[in-house]
Amino acid sequence: MTGSIYVLAAVSVTFLLLVAGFIEFAHGEVVVLAMYCTWLVLSLAGENLFLGLAASLAAATLLTILLEPLTRRLRHARAATECLIMTVAFGMILTEVMSHSFYHGMPVRFPEVMRGGGLDLAMGVIHISAANIYVVAGCIAVLLLFRWFLYRTRQGRAMRAVAINLDTARMLGLPVARATLLSFTITGLLAGVTAILLAMALGFTSPPLGGVLSFKVLAVMLFAGMGNFLGAVVCGLLLGIIESLITGYFVGAWTDAIAMGIVMFTIMIRPDGLFGSKV
Amino acid sequence: MAMSAYLQGYLVMVGVLILLGWSLYLPLRAGYMNNSPIFFMAISGYFAAYTTGELHWAIPVAFAAAVAVCFLLALLLSLTLVNVSGFAMAVATIALVFIIQTIIRNLEFLGAAAGFSIYSQMPYLLTVTYVLVVLNLVFLNRLANSRFGRALEAMEYDPEVCDALGINRRSLSIFVQAYSGGLGAVAGVLYTFNVGTLFPEMFGFNFVLYGFTMVLVGGRSTLWGVLIFGPVLWSIPEFAPPWIGQWRNIMFGGIIVLLLVLRPKGVITKETLRRLAPRSGATPALGDQPGE
């Protein structure tokens, strides 16, 4: 289940990297801020699920779009390191805002309506919560929809062309600036969906979650090979499985250290990732 | 007249941040965002705290051993990361920060999440800190104005030309990373004796934020920016009303974002130095444009 969240987030950031040539290090923080917006709207609007979900999508999309003008000059100058540092700083600002604005940074719990009503599905000795099923099904549905958009729509094809060769896309008269802005919008929408699914999966949120998620998403991308969609899907699921195994077999909170150690080891022996870089 | 403990602590912290800033500046000059100095700060800090507190080593011995161990580790790390891209380096070294925090949080003999206190005080801490700052300033300044410094800068802007000129990028990269790891270790020991109690959370993103704010505001093409703007930036929330101090991280983050939008090269560039001191001999940085 965690793996499917990693997949969705890694695919979003990979998409932005391919189209806009920009690595968004603040993706996790945007997701967590959108989770807080959902929680806030649910609390204020009497647990109206529709408004809660809309708040998540709107917050994540607006924040991601804000990054477009902020990074434009650096992206045009191909200043990758500066872009990276800027998004790290942007993410930290979001984390601090959340820490100061919501219960002094203490975790907040989502109401049952965001947890699939607390329903469980029993298959013999195995119990799966309805929320977990919704999360996995939601991820698969969104990824299929995203694939359809990229391969079957005019805008999607234009964005793929920009990702494959910017100069040729420009020569063919494709609206590169519009495609770039749209890629930020779509990444924002995907971040909003990720926030909804993560809220369903965890049932709570807290400010430090954003930094950890951002980092794991980028680790998945490196693990897979930068810009490799298929690799991101496989490695996102793999990281989720590895983390579950570590949690099951090791005493203490070693999950992050061991999982990150494995990712680091892979980077050292295969700098282009398991599936090869496409950037 | 004896200096107050608060003022001494503040001045040592400024020195520590200058050293940390330089340890981040050096790899950045070669085009890498390398966060490993914070990892080495944690290792050297806990190493010095444990060996002086539990094993009763003399402070100078513990200091030297902590720096030596970290320098060797940094050398090993640089050998393994020498072929990776700039982005992979950034992520891999942030991974190290996560890993070391998790490890310390799980080790009871280092106090785990409850923290580890040291009761011995380092004599002449302030003097030692500023002697080390001056020594590093002299060394890094000579380095920056040497053939080595120019090669380092060229590495970022055109690696292929570097290869054509016969510059050994591999050795250069290994040296830079090992030195910046060692510098991070020095900052870590000084920080430990300044604060007295260590917690794993201390060696996290806060230091990444403070360090890069100093480097980017000051200007990443010269080491003077860190020296001048490090103390200024650290002093704003320190001496401002308490409510401003609470927003320190947002302020630093905001400064980075604004600066990268408005003036990505920072306040002090090589061009600025040439204008201020025409005969200083500062060679133009490859990215510096007149008028910036």
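In table form, for the structure just shown:
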{"read-out": "Cβ-based net charge around A:Gly173, under 15 Å, with every Lys or Arg adding one and every Asp or Glu removing one", "value": "+3"}
{"read-out": "Relative contact order (percent, whole number), chain B, Cα cutoff 8 Å, 6+ residue spacing", "value": "30"}
{"read-out": "Loop GluC sites (Glu not before Pro), region A:1-65, which have at most 16 other Cβ atoms in a 10 Å radius of their Cβ (DSSP)", "value": "A:Glu47"}
{"read-out": "Region B:131-251: projected area of the alpha-carbon convex hull, averaged over directions, in nm²", "value": "9.0"}
{"read-out": "Kyte-Doolittle mean at least 0.5 and Cα axial length at least 18 Å: DSSP H helices in chain A", "value": "A:2-20, A:27-44, A:49-76, A:80-101, A:130-152, A:176-202, A:208-224, A:229-249, A:255-269"}
{"read-out": "Cα-projected label distance for A:Val113 with B:Ser4, points at 7 Å along beta-carbon direction, nm", "value": "5.4"}
{"read-out": "Per-q log10 I(q)/I(0), the protein assembly as shown, q = 0.07, 0.09, 0.10 Å⁻¹ (Debye; single scatterer per alpha-carbon; no solvent)", "value": "-0.42, -0.70, -0.87"}
{"read-out": "Dipole magnitude (debye, nearest 20) for the protein assembly as shown, charges at Cβ of Lys, Arg, Asp, Glu", "value": "1480"}
{"read-out": "Fully extended contour minus Cα-Cα distance, from A:His104 to A:Phe250, at 0.36 nm per residue", "value": "49.4 nm"}
{"read-out": "Estimated D of region A:136-251 in µm² per second, where Rh is the Kirkwood radius over Cα pairs and Stokes-Einstein applies at 4 °C, 1.567 mPa s", "value": "79"}
{"read-out": "Descending semi-axes in Å of region B:5-203, equivalent ellipsoid built from Cα gyration tensor", "value": "31, 19, 13"}
{"read-out": "Mean ellipticity per residue at 222 nm, deg cm²/dmol - from DSSP H runs of n ≥ 4 across the protein assembly as shown, formula -39500 (n - 2.57)", "value": "-24500 deg cm²/dmol"}
{"read-out": "Label point 7 Å beyond Cα of B:Leu135 along Cβ direction - residues of region B:20-36 with amide nitrogen under 20 Å", "value": "B:20-26"}
{"read-out": "Extent along principal axes [Cα atoms of chain A; Å; largest to smallest]", "value": "58, 46, 38"}
{"read-out": "Normalised per residue, the volume of the convex hull around the Cα set of region A:219-279 (Å³)", "value": "59"}
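None of the figures in this text is laboratory data; all of them are computed from the coordinates on show. Just so it is clear, the model here is predicted, and its values are computed rather than measured. Backbone-built Cβ (ideal geometry, glycine too); neighbour counts: all protein chains shown.
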